[in-house]
Amino acid sequence: MSSRSRNGRFAVSAIGLGAVALVAMGAIAGLLLAPEPVETSVTGPSEAGSLPVTTQTFTDSRQVSFTPVEGQASTLNVTTTGRVTHFDCATGAHLASGSSPLTVDNRPILALATSIPPWRDLTPGTRGDDVRSLQEELARLGQPVDPSGVYGAATRTAVAALLSEAGQTRPDGSLPLSQVLWLPSPDVSIAQCEVGLGDQITGPLATTGAGVVGVRMTASTQGIVPGDRVARLGDLAASVDESGLVSDPAFLDALASAWWQFTPPAPVTLEYTLTSPIEVTVVPPAALFALTADRGCLVADGHPRPVQVVASQAGRTMVTFTDDSPSPSTVSLDTVHLAGCG
């Protein structure tokens, strides 16, 4: 090989080594001149870690067990006197509100379950809580009656219809006390008959069993979203009071038809849900930080905000904002260095 060729190769090598040295020196200088990194807690979350969020309505629906609540045994009485000409009475038999299980001197007696026991004759124009109680039961029985507390035309028509169905000839729509057999609940079970066909009425007609007067929730309410609640059976809903009791007669009727065909009544599982749905924001679980129980924080539209965790489902977390501000459009996932939201 000629000396000229060797010199040329040495020159190329020297140039290459010089270039590598310059790159290394530039990198070192860059490291010396670059500013130190600052934690996210100072700079805030990066926009690259932000995700859009959605809102939806939420009912906090869950399946809950309810246990039947039995009432006290009672006696059935009427104010009229006379001879029993018909009585649907037998041990274990059921008497239903709106029916006519009894005739006295061939006059039909109307069984009614009202929240206020009847104590006077009711005629068109009568006003009072006992009228409203009657109207509520008529409405439950399917009559087009508004519980106004005034015995008006609609109430008169509804009473006449029931009495006519019971067998009374040309009822005028009044409701004499002597034609009412008061029931303590819409459906009562007979424990013992006190009179029979042909007997003169001198005292109680029959003794009833305890009977179901409501259903009470047996599950714990810990962790549920606060708010008024209803129990649902298909399309039928009834309010649940603060003690967890459902006592709506129509709802209990539906339960009796669906479950309580045998005795004793067994617990039932019902849908337990908010009366009015709430709006929640759906966020990824990774967006939450500083969690304590159901409270925590997330960075919304670039600002830390306090939230309450409502529920988590299928990798999504539903929250409400406790600072009463509108729902954001984005949340950040870059929260690793953040300590809280104040």
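Of the residues making up the stretch 302-319, those that are touching a residue at least 24 places away in the same chain (Cβ under 8 Å) and within 18 Å of ARG62 (Cβ to Cβ) number 6. Of all the numbered requirements in (1) loosely packed, with under 14 Cβ neighbours inside 10 Å; (2) on the phi > 0 side of the Ramachandran plot; (3) small (Gly, Ala, Ser), ALA90 misses one, and that requirement is (2). Among the residues making up the stretch 225-239, those that are surrounded by fewer than 17 Cβ atoms within 10 Å (Cβ to Cβ) and outside any strand (DSSP E or B) are PRO226, GLY227, ASP228, GLY234, ASP235.
Note on the stretch 234-260: residues that are in contact (Cβ under 8 Å) with a residue 40 or more places away in the chain and acidic (Asp, Glu) amount to 1. Could you say whether any residue in the stretch 242-256 is surrounded by 16 or more Cβ atoms within 10 Å (Cβ to Cβ), under 23 Å from SER133 (Cβ atoms) and in contact with a Cys (Cβ under 8 Å, 6 or more places away or on another chain)? Within the stretch 242-256 (the criterion being surrounded by 16 or more Cβ atoms within 10 Å (Cβ to Cβ), under 23 Å from SER133 (Cβ atoms) and in contact with a Cys (Cβ under 8 Å, 6 or more places away or on another chain)), the answer is no, since none of the residues qualifies. Scanning the stretch 181-195 for residues that are outside the structural domain of VAL131 (by TED's automatic domain parsing) and part of a strand (DSSP E or B) turns up nothing.
Right, THR218: touching a residue at least 24 places away in the same chain (Cβ under 8 Å), surrounded by fewer than 18 Cβ atoms within 10 Å (Cβ to Cβ), out of contact with any helix residue (DSSP H, G or I) (no Cβ under 8 Å at 6 or more places or on another chain) and over 22 Å from THR59 (Cβ atoms) or not? When the stated conditions are applied, THR218 does not pass them. When we screen VAL299, VAL282, VAL307 for residues that are in contact with an Asp or Glu (Cβ under 8 Å, 6 or more places away or on another chain), modelled with pLDDT of 90 or more, surrounded by 13 or more Cβ atoms within 10 Å (Cβ to Cβ) and under 18 Å from LEU51 (Cβ atoms), the only hit is VAL299. THR103: under 20 Å from VAL195 (Cβ atoms), assigned to a strand (DSSP E or B), in contact with a Leu (Cβ under 8 Å, 6 or more places away or on another chain) and of a type in the set (S, T, N, Q), yes or no? So THR103 fails the test.
Screening ALA160 with (1) surrounded by fewer than 20 Cβ atoms within 10 Å (Cβ to Cβ); (2) within 35 Å of the chain's Cα centre (by Cα) gives one miss only, at (2).
The values are calculated or read from the model by the stated rules, or taken from the named source; none is laboratory data. Computed from a predicted model, the values in this text were never measured in an experiment. Every residue, glycine among them, receives a Cβ derived from its backbone with ideal geometry; neighbour counts consider all protein chains shown.
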